[in-house]
Each structure stands twice: as C-alpha cells, then as structure tokens.
Amino acid sequence: MRTKTLLLTAALAAAGIASSMAQAVYSVNAVGYVNTVLKPGFNLVSNPLTAADNKISTLFGTTLPNNSRVYKFNGTTYDIATYSTLLGWTGPGAALTVTPGEGVFVQNGGAADVTVTFVGEVPQGPASNTTIPAGFSIRSSAVPQAGTATELAFPANNNDRIYKWSNSPAGYTTYNFSTLLGWTPTVPSVGVGEAFFVRMGAQTAWNRNFSVNQ
C-alpha cells in the first residue's frame, strides 16, 4: 500500500509534519485530504481525518471496483461491507464508521490500483487521543502523521505487539515490545493512512493532544 497526503495547513508545515509526508501546504485551515492507493487484494488502511460522514459507504463511495469489500474487526470477527456497481454498499459493515485511530481491511476486487481520497479535519486536542482495547484490534495514528511507533508516542507496554500487513507478498511482520529490549526486531514505522493490528495486554490510552500549532 502506498499513501500520498496533502494537508491544507500551514501550521502543519511549521510543526515539521508536512516535510515528513513530503507534501505541499496551501492554507491555514486544519483541513485536508489523504490519497490512499489500494493495491489489488487486501490493504490495511486508516482514515486519519474527521469527515462530515465517516460511514464506510460514504468514505469509499463508488470508488472501488465491483465486488470490493471492507472488513471492520469487532474484536472477534469482521463486519463486512460489500460494494456492487448495481446495488451499492450492502452488508452489516456498510453503516459502520472508520474514525481517526481505527483501521479496516479493504479488499480491492479489481486488477489495478485504486486511489481513495479521504477528506476532513485534522483531529486536535482531545480528539487526537484514542483508547486501545485489551487484546487484538486494528489501530492507526489518529493524526495524519508518518513516523515510528516511538515518534508517534505509541503506548507500548511489556509484551505488547504490532502486526504490520504487507500486500505483496501477503502476510504480517510482527514487532514485539519489551521493557528490557525495546522493539524487536526493529521499531515499526507507520505511514499516513496505514493501519495495523495490535495485541495489548491491557486497555491503554494513546494520548497525542495534538495541535497544528505545535
């Protein structure tokens, strides 16, 4: 999965975030869009912006090819939304939301890359803080910022794990955190618009208290 981002905020540039995303800055509003490229097959993605409507059916609209699917993990299994060029979005997952800090699997049912554009506001202050449940869940940075788990202040405790998905070849890379050794085999890096599985030993707050004026 490749993600290109354009944040429309000069304050983000001042914070050094725009340079980390190698993108341009055009206005002073904390509003922008994220272009996420979905490869054929499964992609683990996030929506790091607060849209007017964060429902799956609205976020993905009519962009995806026929028979594409979005899978939202509910802690046990997946709620699935299926897109049909004839019927639109159907299934129990269609009305669910994808908010900053969450993530979903998106199955591109076509044979070519597809770009999905997310539009909305950059979460700031308390809105940039999320809670990670105990056990397995799909998480992401609640702000459109790339970096390592350390740079993004991911709240890892002993034996917590991050599982990053690769589309090609399909599979996970596991990163384990130890209070003695830190992250092994290395500190995981997360891109803008990228989500990942986590396994947490306890419910944990991921507090950013982010501000575009930082």
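The values are calculated or read from the model by the stated rules, or taken from the named source; none is laboratory data. The structure displayed is predicted, hence computed values, not measured ones. Because the Cβ atoms are built from the backbone with ideal geometry, glycine has one as well, and the counts that use them run over all protein chains shown.
Here are some notes:
- Number of the condition not met by Pro169 [criteria: (1) modelled with pLDDT of 95 or more; (2) under 21 Å from the mean Cα position of the chain (by Cα); (3) surrounded by fewer than 17 Cβ atoms within 10 Å (Cβ to Cβ)]: (1)
- Within segment 74-117, the residues that satisfy the criterion of being touching a residue at least 40 places away in the same chain (Cβ under 8 Å) and assigned to a strand (DSSP E or B) are Thr97, Val104, Phe105, Val106, Gln107, Asn108, Val114, Thr115, Val116, Thr117.
- Check on Ser166, in a loop (DSSP other than H, G, I, E, B), under 16 Å from Phe197 (Cα atoms), hydroxyl-bearing (Ser, Thr, Tyr) and not assigned by TED's automatic domain parsing to the domain that holds Val106: no
- Boolean, Thr77 is more than 21 Å from Phe196 (Cα to Cα) and more than 16 Å from the chain's Cα centre (by Cα): no
- Against the test of being assigned to a loop (DSSP other than H, G, I, E, B) and out of contact with any Gly (no Cβ under 8 Å at 6 or more places or on another chain), the options Val212, Val198 yield a single qualifying residue, Val212.
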